[in-house]
1. Can you find, within segment 132-168, the residue that is nearest to TYR32 (Cα to Cα) among those that are without any contact (Cβ under 8 Å) to a residue 60 or more places away in the chain and among the hydroxyl-bearing types (Ser, Thr, Tyr)?
2. So LYS272 clears everything in (1) closer than 30 Å to ASN324 by Cβ; (2) modelled with pLDDT of 90 or more; (3) open to solvent by 40 Å² or more (accessible area, probe 1.4 Å) except one condition, right? Which one?
3. Residues in segment 46-56 that are in contact with a strand residue (DSSP E or B) (Cβ under 8 Å, 6 or more places away or on another chain), surrounded by fewer than 16 Cβ atoms within 10 Å (Cβ to Cβ) and at pLDDT 90 or above: how many?
4. Collect the residues in segment 301-336 that are β-branched (Val, Ile, Thr) and assigned to a strand (DSSP E or B), keeping them in residue-number order.
5. For segment 222-242, enumerate the residues that are among the polar types (S, T, N, Q) and more than 26 Å from PHE393 (Cα to Cα).
6. Residues being over 25 Å from VAL313 (Cα atoms) and among the charged types (D, E, K, R): count how many of those fall in segment 400-443.
7. Of a type in the set (Val, Ile, Thr), at pLDDT 90 or above and under 15 Å from GLY371 (Cα atoms), is that true of ILE343?
8. Only one residue in PHE193, PHE166, PHE172, PHE179 is open to solvent by 40 Å² or more (accessible area, probe 1.4 Å), part of a strand (DSSP E or B) and among the hydrophobic types (A, V, I, L, M, F, W, C). Which one?
Amino acid sequence: KIIFRYKKMVNFIALDLILLVIFVIFASVFLYVKRKNLGTDGGLILYRTQWGVNLINYFGGKYKKTLKVLSYLSILTGYLLMIGILFLVGQTVYIYLTTSIASVIKAPPIMPLIPYFPKLFGLESFFPPFYFTYFILALIIVATVHEFAHGIFARRYNIRIKSTGFAFFKYFPALFGAFVEQDEKQMEKKKRFEQMSVLSAGVFANLIITLLFFLLLAGYFAAAFVPSGIMFDTYSYSAVEISAISMVNGVSLENPDYEKIIGLLNENGLTKIKVDGESFVATKKFLNSQKEKEGFIVLYDDAPAINAELGGVITHINDIRVNNIEKLGEELSKYSPGEEVEIKTLGDNGEETKKIILEENPKNKNLVWIGIGFLEREKKGVFGKIYSSLSFFKKEHVYYEPEYETSVFIYDLLWWIVLINLAVALFNMLPLGFLDGGRFFYLTILELTKSKKIAQRAFAGVTYFLLFLLFVLMSKWIFTFF
């Protein structure tokens with residue numbers, strides 16, 4: 001994550017919230033004025049129009065051969081996405097029930113895609129900001145592409161398009177989507193291949209948009225950001241046995257235990273700790289986080305970086321720019337223990353310069369060290385791999401300086417368009433009755449068994465099973481608050 005980069009966005013957030021209020025007012029007034037022409041479907045308010053029907057009819061009628069070829073790819077994509085989302089659901093349930101992740105991450109396992117959700121659910125370290133501006137632009141792209149693809153493939157197989165329109169959430173009009181209404185009676189009479197082609201067309205289109213915007217994202221990042229510094233994760237540290245601690249804050253200890261050590265620490269700042277003749281440091285907050293450890297604790301090495309309170313992004317060593325870990329090591333290798341260097345950093349308080357006396361590296365006496373650490377970020381599970389793959393073009397631990405004031409805003413917008421398209425493509429292929437994947441799954445079983453009774457039972461069974469899993473996940477999450 002690039003730190004401190006959103007300070008300039010404070011004014012934008014105010015404008016974004018004003019835009020949200022204006023949109024809600026506009027949508028509410030619009031729905032009131034058009035109330036005689038509205039329909040309802042569960043918790044949704046439907047506004048039907050003929051906008052785009054001619055365009056759908058044109059593409060669906062003119063490119064029939066191309067769409068027939070794409071139908072095979074669309075159906076294959078549907079199966080791959082269905083397998084993928086079922087695997088993700090299974091893995092999520094397993095991780096949620098067998099680990100303590102629910103108590104660590106307080107966000108619900110079923111995340112509502114609403115503006116500012118990373119801030120609302122404490123996920124700012126996982127996701128970039130999600131402004132209302134991002135939400136509405138991404139939603140327009142996702143919904144339009146998804147629904148128009150359904151309509152175009154439906155017309156390819158001579159299914160009449162009755163209307164297009166917008167669906168608003170009844171209790172909060174800022175949440176909305178698009179729809180293309182086809183003639184369901186004609187749809188049900190079509191061959192199973194044709195129906196499955198129409199059903200999978202939306203997610204197929206979303207996946208294509210995901211790939212296109214991902215390429216745009218990578219290209220834009222290369223053009224709009226420059227590697228400009230090093231981000232370190234921690235100060236160097238060591239695990240020590242509590243029984244080996246001989247002195248804390250100048251006070252000698254016999255038979256040390258955790259409570260004695262905590263009691264001798266400074267309330268603020270660093271405390272010196274001796275272990276078998278070696279020096280370490282710690283803060284009270286750092287040790288308080290280790291109450292559950294038995295027999296040993298982790299202490300910071302008594303190194304230059306932590307003693308100088310070095311923080312933020314390292315940008316220069318003695319006025320030489322360092323923009324990757326290799327360059328940092330190369331510059332430090334030019335000096336010997338005892339020499340002083342100036343290290344420039346960039347942080348929440350702007351640019352700072354620290355004078356640091358280099359010390360001998362305890363693990364390699366031929367090298368100097370300042371005592372910072374770089375943690376390997378393990379990409380756990382499929383979610384972690386998907387998230388990290390969206391940033392494969394970034395080098396780990398490198399700070400990238402935006403070339404323009406709008407660079408971060410545009411990059412995050414593209415990032416959300418990619419992620420939301422992928423999420424919608426996966427979610428829609430869940431075999432649940434109200435999603436494209438529900439009917440798609442039913443038609444698959446029907447094709448395999450040639451029995452409507454078996455297909456209906458299989459469809460009902462998988463639907464109830466998935467709903468049960470979602471219930472289990474939410475129940476586990478709720479119990480973490482007690």
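The values are calculated or read from the model by the stated rules, or taken from the named source; none is laboratory data. Everything quoted here is computed from the prediction, not taken from an experiment. Reconstructed Cβ throughout: ideal geometry from the backbone, glycine too, with neighbour counts over all protein chains shown. All accessible areas refer to the heavy atoms of the entire protein, side chains included, with ligands and DNA or RNA removed. Shrake-Rupley method; radii C 1.70, N 1.55, O 1.52, S 1.80 Å.
1. Among residues in segment 132-168 that are without any contact (Cβ under 8 Å) to a residue 60 or more places away in the chain and among the hydroxyl-bearing types (Ser, Thr, Tyr), the one nearest to TYR32 (Cα to Cα) is THR144.
2. For LYS272, the failing item is (1).
3. Number of matching residues: 0.
4. First pass over segment 301-336, keeping only residues β-branched (Val, Ile, Thr): 306, 313-315, 317, 320, 322, 325.
VAL313, ILE314, THR315, ILE317, ILE320 - these are the residues of segment 301-336 that are β-branched (Val, Ile, Thr) and assigned to a strand (DSSP E or B).
5. We begin by selecting, within segment 222-242, every residue among the polar types (S, T, N, Q); these are 228, 234, 236, 238.
If the condition is that a residue be among the polar types (S, T, N, Q) and more than 26 Å from PHE393 (Cα to Cα), then SER236, SER238 are the ones that fit.
6. Residues flagged as over 25 Å from VAL313 (Cα atoms) and among the charged types (D, E, K, R) within segment 400-443 amount to 2.
7. Numbers: of a type in the set (Val, Ile, Thr): yes; at pLDDT 90 or above: yes; under 15 Å from GLY371 (Cα atoms): yes.
For ILE343, the condition - of a type in the set (Val, Ile, Thr), at pLDDT 90 or above and under 15 Å from GLY371 (Cα atoms) - is met.
8. Working: PHE193 fails: part of a strand (DSSP E or B); PHE172 fails: part of a strand (DSSP E or B); PHE179 fails: open to solvent by 40 Å² or more (accessible area, probe 1.4 Å).
That would be PHE166, the only listed residue that is open to solvent by 40 Å² or more (accessible area, probe 1.4 Å), part of a strand (DSSP E or B) and among the hydrophobic types (A, V, I, L, M, F, W, C).
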